[in-house]
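Since every read-out is calculated from the coordinates, none of them should be taken as a lab result. Remember, predicted model here, so these are calculated numbers, not experimental data. Don't worry about glycine lacking a Cβ; one is built from the backbone with ideal geometry, like all the others, and counts go over all protein chains shown.
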Amino acid sequence: MAVASLEASVEATLDAISGDQWRARLQPFTIFRVPAYVRDGNRTAYEPRLVSIGPYHHGGAALRAMEDHKWRYLHDLLSRRAGDGAAAVVTASALVAEMRTLDPRARACYSERPVGMDSSDDFVRMLLLDGFFILEFFFKWHTKEADSLCDVGWGLTLVAADLLLMENQIPFFVLERLYEAVAGMQPDKESLFNLLIEYISDEEPIRRPSGDWDVHHLLHLYYECFVPKRPRPRLPESARKAPAAPTRTILRASELREAGVILVRRSAARDREIDDMKRLLLVNLMAFEQTQAGEEPRLLTSYVALMGQLIVTARDVELLRRRGVLESLLADDEEAARFFSRLGEGAAMDFSRQAFAGLYEDVRGYCGSWWHRNRAALRRDYFGSPWSAISVVVAAIVVFLAATQTYFTVFPAK
């Protein structure tokens, strides 16, 4: 009886998969949850503080107050559309019907089945409210329209930060469909990209979005616009046949200085400032980068791994600040050192895809050179300060004079 029940259960589960689009994986997952062991180390880095977007944090006790704002934003947007005298007035019922057509496709984007949203109505309502909240938030920001949420000192900052959390996303095609419905003109994908990018960051994007980009969600758009790209270096044929073990470590900044390495900030370097808000963005961008397939080097993860090894103590932070490599807005250099020590927690580093592998090898070769190592020791031990340099010069003069005196004593002038 038990065996028969088990067989029937397995068969029933397999039959259910064929009719379940989420389990059948008709499309690749694009919105992931951070692994539990990573999130538990610092939950506040991955969980929204003000507004939930998408199903993963929907209904959280601390976030329920924002549900009223979502309804207000939907009302404001539809009212503005009606007040513009548009030929075709968009109704809430029509928008619900639009979202209902996207339900199966949107559900299939999430790597974990949305909990508590087995009902199609609940999921569709969430897509409608969350999608319009994002659009109206940026519309109000763009038009500088007075708003009880955005006008609060922390409103813009916290909402913008929550919109760039990896677990706090809805599929971008949902935003596209809603934007097409309410834009009031012939919309295009690029105009939506530019609206979002204009206000999501104070920095100028490295790349301007193009209408043919395939963007999965808002964090993905930020990543494509603001994180540099670095092509995978082409290795010589000999290196491809017998690859050497990659260098995994590098001396910290203060040790590099003692070894004679001069740290210089590149003129094109960006985002040198570090603060608590930057940490939230970096860990979520890095978590997103970990979900990407392909052979391209993971530049952000590589950068965090590099900085985590360069900076171990407050002395390393002080050195990099003086060299202009970073600017800390944190309380002190000790806190800045802890910033980088915590930044890479949970990041899986594939050293075969390390973007700075060449730099690691160059530094190892330089520091391992007998000439460079001893020249640096000479500079450190005898020319580390003006007084030690003067002492060396005086000693050299004394030795020279003593040698000269000895010479003339042994070989007196005739």
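In plain terms, the chain from THR406 to ALA8 could stretch by 132.7 nm, reckoned as 0.36 nm per residue minus the Cα-Cα distance. Per the Debye formula on identical point scatterers at the alpha carbon atoms of the stretch 95-196, with no solvent, log10 I(q)/I(0) at q = 0.10, 0.15 Å⁻¹ is -0.31, -0.69.
Going through the cross-link list LYS144/LYS229; LYS189/LYS229; LYS140/LYS278, which pairs have a Cα-Cα distance over 27 Å in this structure? Distance filter (> 27 Å) returns LYS144/LYS229. TRP141: net charge of surrounding residues, Cβ under 10 Å, Lys/Arg +1, Asp/Glu -1, itself excluded? Result for the neighbourhood of TRP141: -2.
Full extension of the chain segment joining ARG342 with ARG208 gains 45.1 nm, where the gain is 0.36 nm per residue of separation less the Cα-Cα distance. Based on the Stokes-Einstein relation at 25 °C and a viscosity of 0.890 mPa s, and on the Kirkwood radius from alpha carbon pairs, the stretch 23-216 is assigned a translational diffusion coefficient of 139 µm²/s.
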